[in-house]
Structure formats: structure tokens, C-alpha cells
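All remarks here apply to the structure that follows.
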Amino acid sequence: MSDCIDMTNPSDLFPDFEAGLADLDARRLRRTRRVVEAKDGPHMVVDGRPVLSFCSNDYLGLSQHPKLIAAAQQAAAHYGVGSGGSAMLSGHEAPHDALERELAAFVDMPRALYFGSGYMANVGLLPALVGAGDAVFSDALNHACLIDGVRLSRAQVHVYPHRDLAALHAALAASPAARKLIVTDAVFSMDGDLAPLPELLALCERHDARLLVDDAHGFGVVGPQGQGCAAHFGVRSPRLLYMATLGKAAGCAGAFVAGEAVAVEWVLQRARTYIFATSAPGMVVQAVRASLQVIAEEGWRREHLARLVARLRAGTDALRFEHPVSATAIQPLIVGGNQAALDLMGALYAQGLWVPAIRPPTVPEGTARLRISLSAAHAEADVDRLLAALQHA
């Protein structure tokens, strides 16, 4: 066998990719990454430049909390830095077992199951809960991981207009499926508004459906003691499956689903992203356990965050941008065009402020925006600095 050298130009192999990337550039839709070198709360060094960040989902400022760091360090010394296997083999360690009990108690539900990430959870949950011949009813503004999970389920999909209960009722009434599942974000990630959970559960009762709620942006922040949107609305039902991530307000990594014990056991038996994935390291799990304690004990963080939200909203009244109603840490400023959003982001970045521009397909065409994410780690002076820069942008 003789040696040969492939002299093919890589660009010649992927002309469709080259054309696609050129099209993204022309429409100002190519995404780029920035390198973060150091963090001190919302103060970061990004691409070598100190900035004040308003783009983190670390809503309570816990990712650098000393108690979480100490818990991770101690667990690393005991368990190492990797679990070494899936949960069905050797990866379900004592911290994982304890965390699942504590998560269930935190959200006041019978049982919980821990996943490595929110995306993994939803992509595994949906095909476990429904399949061919079933029907899923999905809010039009649901997160991509819910959308992908729905597609993988092979169930019949009904996408209803955002928060449109009348349209949802009509779709449920018209569906002949024996098994029906309503799927919704609790706090919508790009607008910061809340799903009408009591009304959705009422529709479930009326049409014998189940409800899967993704509370990625509500857990730890919304509701009494940060128990999430279900607790905020005071809703309880055996029809409810509650999913939340632990890489946002909890400041760590992972996700969980909670609900009736039989439903969670079924997910454990059927969710491929749980069965076939290597478990998260025990050091991460111990940090999450410490986070739950801090969330419960340091209520001042939620109170401070609420004051920051009010301060920001009071200061945006005079701005030329649309600022949809949101009482959460997610505060969008609708700019409109893709280039206009990038230009505004660039103008703020030049002043040492990092506020991300969000463009289609993440948001609908014509609604490119700045997505301001507030954190309990911000000071009131940080919000004032952002408002001053926006007023002159």
C-alpha cells in the first residue's frame, strides 16, 4: 500500500457550507464567541478587556460563592473530578442520591431525577413521555431544547401562539389523541414573561392532559424561597412535571425533573439522555447541594435582584427602545433590525458594557434585541451606568 497525500482544498469539499456562512454574514447572523479570562461577579475580562457584564444567567450571583466552591473542592478531593460512568453503572454516587431527595423536598414534589444539563433533560424527557400517536401542544416561544425534544418524540405537534389559551383550548378539543401533553417554558428566555400555569393546568384537567413546565429561568429566583414558578402560582397537581436547570440561578450545572414518583421512575427507565450519559462529577453535585442551602438562607439576594429590576425599568421609560413587561431578571430591549442590534451592542461594549445582541432565529424576524440579564451580584450603580450609556447610545 502506497502513501498518498490528499491535496484537496478543504473549501472545495464544503461549498454549501461556505455559501451558508457567507449568507449568515450578509444577514448579520453569524454568531461569535468571546474568551472570558477572569470573573469577579459581573466584572469580567473578555478578549483581554475589562467589562461589566449583563449577559450572565447567574441570577443570584452564586457561581463564585465561597460555600459552593468549598463544597466542590472537598468533593473533588473525595470523589475525584469525574464520575467514571453512567448512573446505571457506577456514576450514581452518594451525592447524586442525596441531591435528588433534596431537590424533591425543595420544590415540594414526591421525587426528582438529576440530569447533566437542561438540554439533555428536555431532549430525553419528551420522547420518554410521549410518542407516535400522542399529541404535544407547545408554546410558540418555547426554548430550543423543548422544541428539539418534541421533534424527537415523534408525537403529533401542535404549536399554539404565545400564551394564547383560547387557541390551545381549541387545539386540545380537536385532538383525538389518547395521550396529550402541554409543554411550556415557565419564564420565557427572551421576553422574561411568565406562562399562565394555573390556566394551563385547568386546561389539562378539562382535556385530560399532562403539563411539562421548564422553569430554567424561574428556579431559585421566582416564588417563595426561590422554589420556582409552580410555587409562585401556588399550583399543585399530579398532572404536573416540573423541570428546572441548575446552571443559572443555582450557579452550578445540571438540571432535574420532579413530579409524581411513578412518572419520574418512568423517565429514569426511558430517557436515553439519562441512561446513556456519563453522570456529572460528584464535585458539581455537591456544589448544587450547597447552592440549595444558600438559596434558602440568603433571601436578600432575591430581594436585591427585585430592586435592580425595578430600578432598570424605571430608567428605561425615556429610552427609544421597546421594553416589554417583565418582572424577572430577563429584561429585553427590542431594537428591530439585526445590524441595529449589533451596532448598539458594539456601542455599549466600547464603553466597557457587555450586553448581548439576540437575533433570529433565536427571536422572531424584526425583533432583534439586547437581552439584559440582571444578577444579585450587580450593584445599583451598575444599573445606573448601563442606563446612562443607553440614553446616549
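Are any of the residues in the range 338-350 aromatic (Phe, Trp, Tyr), closer than 19 Å to residue 28 by Cα and surrounded by fewer than 20 Cβ atoms within 10 Å (Cβ to Cβ)? Within the range 338-350, one or more residues are aromatic (Phe, Trp, Tyr), closer than 19 Å to residue 28 by Cα and surrounded by fewer than 20 Cβ atoms within 10 Å (Cβ to Cβ).
Of the candidates 256, 233, the single residue that is over 25 Å from residue 165 (Cα atoms) and in contact with a helix residue (DSSP H, G or I) (Cβ under 6 Å, 6 or more places away or on another chain) is 256. Mind checking whether some residue in the range 31-42 is in a helix (DSSP H, G or I) and under 22 Å from residue 190 (Cα atoms)? No, the conditions are met nowhere in the range 31-42. List every residue pair whose Cβ atoms sit under 8 Å apart, with the two residues 6 or more apart in sequence or on different chains, where the first one lies in the range 316-332 and is part of a loop (DSSP other than H, G, I, E, B) and the second, anywhere, is among the basic types (Lys, Arg). Within 8 Å, the pairs are 323/313. I'd like to verify a number: residues in the range 362-378 that are of a type outside the set (D, E, K, R) and in contact (Cβ under 8 Å) with a residue 60 or more places away in the chain, how many? The total comes to 9.
Contact map, the range 185-196: first residue on the phi > 0 side of the Ramachandran plot, second residue in a strand (DSSP E or B) and at pLDDT 95 or above, Cβ cut-off under 9 Å, separation 6 or more or different chains; pairs are 192/330; 192/331; 192/332; 192/371.
Residues in the range 195-217 that are under 21 Å from residue 124 (Cα atoms) and in contact with a helix residue (DSSP H, G or I) (Cβ under 8 Å, 6 or more places away or on another chain) were compared, and the one that is surrounded by the fewest Cβ atoms within 10 Å (Cβ to Cβ) is 210. Within the range 78-101, the residues that satisfy the criterion of being assigned to a helix (DSSP H, G or I) and surrounded by fewer than 14 Cβ atoms within 10 Å (Cβ to Cβ) are 78, 94, 97, 98, 101. Screening the candidates 105, 76 for the property of being touching a residue at least 24 places away in the same chain (Cβ under 8 Å) and assigned by TED's automatic domain parsing to the domain that holds residue 257 yields one hit, 76. Output yes when any residue across the range 257-271 is within 30 Å of residue 42 (Cα to Cα) and either modelled with pLDDT of 95 or more or out of contact with any Gly (no Cβ under 6 Å at 6 or more places or on another chain) (or both), and no when none is. Yes - at least one qualifying residue is present in the range 257-271. Just one of the listed residues (309, 335) is on the phi < 0 side of the Ramachandran plot and part of a helix (DSSP H, G or I), namely 309. Mind checking whether some residue in the range 308-318 is within 29 Å of residue 226 (Cα to Cα), at pLDDT 95 or above and charged (D, E, K, R)? Yes, some residue in the range 308-318 is within 29 Å of residue 226 (Cα to Cα), at pLDDT 95 or above and charged (D, E, K, R). Just the residues that are modelled with pLDDT of 95 or more, under 24 Å from residue 245 (Cα atoms) and surrounded by fewer than 16 Cβ atoms within 10 Å (Cβ to Cβ), please, taken from the range 19-59. Residue satisfying the conditions is 43 alone.
Residue-by-condition table, conditions (1) more than 28 Å from residue 249 (Cα to Cα); (2) free of Cβ contacts under 8 Å to residues at least 12 places away in the same chain; (3) assigned by TED's automatic domain parsing to the domain that holds residue 328:
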| residue | (1), (2), (3) |
| --- | --- |
| 14 | yes, yes, no |
| 17 | yes, yes, no |
| 21 | yes, yes, no |
| 24 | yes, yes, no |
| 27 | yes, no, no |
| 46 | no, no, yes |
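Counting only helices (runs of 4 or more DSSP H) that sit wholly inside the range 219-295, those with at least 1 residues that are closer than 22 Å to residue 142 by Cα and of a type in the set (D, E, K, R) are 272-275.
When restricted to residues that are part of a loop (DSSP other than H, G, I, E, B) and among the aliphatic types (A, V, I, L, M), the range 205-218 contains 2. Taking the criterion of being touching a residue at least 60 places away in the same chain (Cβ under 8 Å) and within 18 Å of residue 192 (Cα to Cα), the residues of the range 220-245 that qualify are 220, 221, 222, 226, 227, 228, 230, 231, 243, 244, 245. Tallying residues that are part of a helix (DSSP H, G or I) and among the charged types (D, E, K, R) within the range 102-131 yields 1.
The values are calculated or read from the model by the stated rules, or taken from the named source; none is laboratory data. Quick caveat: nothing in here was measured; it's all calculated off a predicted structure. Don't worry about glycine lacking a Cβ; one is built from the backbone with ideal geometry, like all the others, and counts go over all protein chains shown.
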